[in-house]
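Trainee: My questions all concern the structure below.
Read the figures in this text as sums done on the coordinates, not as results from a lab. Every value quoted in this text rests on a predicted model; they were computed, and no experiment measured them. Don't worry about glycine lacking a Cβ; one is built from the backbone with ideal geometry, like all the others, and counts go over all protein chains shown.
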Amino acid sequence: MTKWADSLIRISNHEVETLQKRLADIVERRQTAEMKVAALDAESEAEAMQAQGDVEAGWYMIGFRQGSKIRRDQALLEIDQILIEEAGARDALSLAFENLKKYEHVAEAAKVAKAKLAGKLEIAALDELGLRRAAVGGR
């Protein structure tokens, strides 16, 4: 393989690895946000169970539910934003993989073409040698 092909493939591999790490970070952030929503839901349910028999807790629950709804909505908005970012990262990674495969294909085609040319040159040299031997032997 030629140096330029090696360089392109190495750079492309680095880009793919970088994008894979970025996507993993985004997915981790999304999972953390989803866990936050689950924790908020569990906390709300636990508070509701605790306040069922207590009249004073009922007044407290109104404010708690409003605050809990606001925090939950913020977490869901964060998840939506992360999902958009994740889709973009997946698209970028897909494009980087496509480019890597193109570079590998071009490098392989260049390698095959170089091997074909070497084979043709070898055949031509052998034909030339055969013609010279025939010319010398024919005299």
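Trainee: When a footprinting reagent is the concern and you count Cβ atoms within 10 Å, what order do L129, L95 take, fewest first?
Mentor: Least crowded to most crowded, the residues run L129, L95.
Trainee: While we're here: Counting only pairs 8 or more residues apart or on different chains, how many lysine pairs in the stretch 3-101 have their Cα atoms under 30 Å apart?
Mentor: 5
Trainee: Going toward the positive end of the dipole of the chain, with +1 on Lys and Arg Cβ and -1 on Asp and Glu Cβ, which of L8, M35, I70 do you reach last?
Mentor: The residue sitting farthest along the positive end of the dipole is L8.
Trainee: Sort R10, R30, R71 so the one with the fewest other Cβ atoms within 10 Å of its own Cβ comes first.
Mentor: The order, fewest Cβ neighbours first, is R10, R71, R30.
Trainee: Using the Cα centre of the chain as the reference point, and only Cβ charges (+1 on K/R, -1 on D/E), how large is the resulting charge dipole? Debye, rounded to the nearest 20.
Mentor: Its charge dipole is roughly 1620 debye.
Trainee: While we're looking at this one, here's another question. Using 1/(1 + (r/R0)^6) with R0 = 25 angstrom and r between the beta carbons of H14 and K101, what's the FRET efficiency to the nearest 0.05?
Mentor: The computed FRET efficiency comes out at 0.95.
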